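Q: Can you keep this structure in mind? I'll have questions shortly.
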Amino acid sequence: MSTDTGGPGGKDSNGTTKIDVRVPTELLEEIDEEYQRRGYTSRSEAIRDALRDWVEPTVQLSKETLEDLAASREQREHGETHSANDVRTRLGLDGEE
């Protein structure tokens, strides 16, 4: 991978640095087919977004987890839950030996 030094420190006036990356031809063809469909205006924009997701992945909860959270919320709203302190006290785990 090489960098193109557009200005001092390798950055251009937009605070970006150009890099060259070798990508398998088949993958590049898939990227070219997909980026506009997803609403990106350029290949570079799509790849930058993919790199951001790689560095800071978004958390996506499974359908099962979302359903469990909804059920827990309903239980709380119906008063069917207990605080951790109440449960510790009831089970004799309140710190007394």
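The values are calculated or read from the model by the stated rules, or taken from the named source; none is laboratory data. In this text the structure is predicted, and so the values were computed from the model without any measurement. In this analysis, Cβ positions are derived from the backbone assuming ideal geometry, glycine residues included, and neighbour counts consider all displayed protein chains.
Q: Inspect the stretch 77-87 for any residue being modelled with pLDDT under 90, in contact with a helix residue (DSSP H, G or I) (Cβ under 8 Å, 6 or more places away or on another chain) and among the hydroxyl-bearing types (S, T, Y) and give the result as yes or no.
A: yes
Q: If I ask for residues that are loosely packed, with under 10 Cβ neighbours inside 10 Å and among the charged types (D, E, K, R), which ones from the stretch 20-52 would you list?
A: D20, R22, E26, E33, R37, R38
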